[in-house]
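Asks: Take a look at this one; I'll ask things after.
The values are calculated or read from the model by the stated rules, or taken from the named source; none is laboratory data. Everything quoted here is computed from the prediction, not taken from an experiment. No Cβ is skipped: glycine too gets one built from the backbone with ideal geometry, and neighbour counts run over all protein chains shown. Areas reflect the complete protein model, heavy atoms only, side chains present, ligands, DNA and RNA absent. Shrake-Rupley method; radii C 1.70, N 1.55, O 1.52, S 1.80 Å.
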Amino acid sequence: MGLSDTTAKHLLLLLNFVYAVLGLVLIGFGIFFLAYVTTISIGENVAGGLIIGLGVVIVIIAVFGCLAAIHEAPRRLLIYIVAVVLLMLTQLLFLSMVSHGTQDGISGSINEGFEKLWDAERNETGALSYYENWLHCCGVNSFEDYGVIHHAVPKSCCIDQKCIDRSSVYTVGCKSQFVEYLDDRLLVFKIVSWLLILVEAVGAAFGWLLLTGLKNQDRRNNAKHCENQSSDSCNMEKTFAITPWKYALLTTCILISALNILFFSCGVVTWGSASSVYGGYASALCGAAVFAAAFLGVYVSLKESYKYSIYYLISTILVMTLLATYFFTYSSMQGQLLRHFEERVKRLFDEKSIHVDTMQPIHSLFRCCGLDGPQDYLAKEQGALPGSCCYSADCSKPSNINDEGCATKAPRLLLLQAEINYYTCIAMFALEILGLFSAYFMGKARKLIKSKDDETPINEN
């Protein structure tokens, strides 16, 4: 026996209250991010602003959800459910950016920020005093930094600002202390974000239950009215409901197919370049599964079949499971793949000879030459360049020669391919969710039409 509309309504109100509180926590974290992290790196202002903006949007949607539940407005509830699903996808993107780009992004900005502070310390003492007093640290890396620039250890480096002896001096550097402090706060951000996603998923489910209950009640109230109308009029009304979901499913499947081309090609290149055969097969398998489900979705939308919409829902859930597994595996191994690729480029260059161009796959794929440039060959191979270093293997014209070395260009382009593969996986997962909704509603509308046709009495007169 399902939940009553009143129970679903009250639970939805409670969840939206929790939702709003967690949104306020996010706003507080964003303010912390702006207040502390951006004092080190101005470039993080955008990230802090986005976190605050996300928190504000969450609070607004929570209030909107409460109003929709109180007034029991089906249209507002549908808007609320769609907004919550989109917010869940946005938060998943935020979480992936935090876990995927913290070391390269925020930590890199922190290094740059502390370098600027230390340059200021060389000219005027006290540039680090704020962080030394706050985090109980000394210098950038340790208290020995001051000896390198021939500065005395400041009082801010000592316990209670009393530099009695060495035991009273903080030995830990401020950069490592700040990174540890920030990591603790980012952990809080991740926990709050996952709690929000969980609450949003449950809230969307209760919102859907309430919406379904209200629609069923409305359908029962209008049953007599529909019976008094002609069957053609009722069927026309039902048929019209299929159209938006049909084209929504068709459009979603086309977009998934387009993104899958990028996902498939970039995934195979990334794994293959790192000499991971099984990774390449896994990427190809995911791409093939996505294509199969998308083509089935196109067929379902054109056929308007209830039975095949069930098949599509099952296949899409399996594809989403496959994509999620691939995503988390790829996220954990991306850095390792890039390191293996750099090692492979160096190994292939060391194995080259005048007669065997082992660098040919790298040269041809990334349009580069040697490790540092054509000079690697010109200096060692009596001025001879391999054909793979030139456009159409024609090295007679200087404009045809790839002038950038593979040690820098190839990893940079491979990183771009890896990022495309990473974010297209997220985008396809989001579109698969939209495809699930579209196929479900289209199949439901088709089933209602069939039921109505079966119930239409035959006029024997």
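Asks: So which of Y36, Y19 ends up being modelled with pLDDT under 65, of a type in the set (F, W, Y) and either assigned to a helix (DSSP H, G or I) or over 25 Å from the mean Cα position of the chain (by Cα) (or both)?
Replies: Y36
Asks: Kindly indicate which of A393, A379 is at pLDDT below 80, loosely packed, with under 15 Cβ neighbours inside 10 Å and closer than 23 Å to V269 by Cβ.
Replies: One residue alone meets the criteria, A393.
Asks: Answer yes or no: is there a residue in segment 297-315 that is among the β-branched types (V, I, T), open to solvent by 80 Å² or more (accessible area, probe 1.4 Å) and closer than 30 Å to C406 by Cα.
Replies: The answer is no, given that none of the residues of segment 297-315 is among the β-branched types (V, I, T), open to solvent by 80 Å² or more (accessible area, probe 1.4 Å) and closer than 30 Å to C406 by Cα.
Asks: For segment 263-283, what are the residues that are surrounded by fewer than 20 Cβ atoms within 10 Å (Cβ to Cβ) and not in a helix (DSSP H, G or I)?
Replies: Scanning segment 263-283 gives S275, S276.
Asks: Also: Can you tell me which residues in segment 54-78 are touching a residue at least 12 places away in the same chain (Cβ under 8 Å) and among the small types (G, A, S)?
Replies: G55, A62, G65, A68, A69 - these are the residues of segment 54-78 that are touching a residue at least 12 places away in the same chain (Cβ under 8 Å) and among the small types (G, A, S).
Asks: With the checklist (1) more than 30 Å from L211 (Cα to Cα); (2) modelled with pLDDT under 85; (3) crowded, with 19+ Cβ neighbours inside 10 Å in hand, flag the one item L87 doesn't pass.
Replies: Result: L87 fails condition (1) only.
Asks: Quick one: would you say A439 is within 24 Å of S388 (Cβ to Cβ) and either at pLDDT 85 or above or assigned to a helix (DSSP H, G or I) (or both)?
Replies: no
Asks: Still on this model: Could you tell me how many of the residues in segment 180-201 are open to solvent by 40 Å² or more (accessible area, probe 1.4 Å), of a type in the set (A, V, I, L, M) and over 24 Å from I61 (Cβ atoms)?
Replies: Of the residues in segment 180-201, 1 are open to solvent by 40 Å² or more (accessible area, probe 1.4 Å), of a type in the set (A, V, I, L, M) and over 24 Å from I61 (Cβ atoms).
Asks: Right, something else. If S233 passes every condition in (1) modelled with pLDDT under 85; (2) surrounded by 14 or more Cβ atoms within 10 Å (Cβ to Cβ); (3) assigned to a helix (DSSP H, G or I) but one, which one does it miss?
Replies: Result: S233 fails condition (2) only.
Asks: Collect the residues in segment 318-350 that are among the β-branched types (V, I, T) and touching a helix residue (DSSP H, G or I) at 6+ places or on another chain (Cβ under 6 Å), keeping them in residue-number order.
Replies: Passing the criteria: V319, V345.
Asks: Another question, if that's okay. Say we look at segment 159-210 and pick out the residues that are within 20 Å of the chain's Cα centre (by Cα) and aromatic (F, W, Y); which of these is farthest from L89 (Cα to Cα)?
Replies: F189
Asks: Another one. Of all residues in segment 149-200 being touching a Lys or Arg at 6+ places or on another chain (Cβ under 8 Å) and part of a helix (DSSP H, G or I), which is modelled with the lowest pLDDT?
Replies: That would be Q161.
Asks: Taking segment 119-128 on its own, how many of its residues are in a helix (DSSP H, G or I), open to solvent by 30 Å² or more (accessible area, probe 1.4 Å) and in contact with a helix residue (DSSP H, G or I) (Cβ under 9 Å, 6 or more places away or on another chain)?
Replies: 0
Asks: Same structure, new question: When segment 129-157 is examined, which residues are found to be closer than 12 Å to G173 by Cα, of a type outside the set (S, T, N, Q) and open to solvent by 70 Å² or more (accessible area, probe 1.4 Å)?
Replies: Hits for segment 129-157 are H136, E144.
Asks: What number of residues within segment 304-355 are under 28 Å from the mean Cα position of the chain (by Cα) and not in a helix (DSSP H, G or I)?
Replies: Total satisfying the criteria: 0.
Asks: List the residue pairs whose Cβ atoms are under 6 Å apart, where the first residue sits in segment 384-396 and is of a type in the set (S, T, N, Q), the second is crowded, with 20+ Cβ neighbours inside 10 Å, and the two are 6 or more positions apart or on different chains.
Replies: The qualifying pairs are S388/H363.
Asks: Answer with yes or no whether K447 is among the basic types (K, R) and at pLDDT below 85.
Replies: When the stated conditions are applied, K447 passes them.
Asks: Counting only residues that are free of Cβ contacts under 8 Å to residues at least 60 places away in the same chain and open to solvent by less than 60 Å² (accessible area, probe 1.4 Å), which one in segment 8-32 is farthest from G53 (Cα to Cα)?
Replies: Result: L13.
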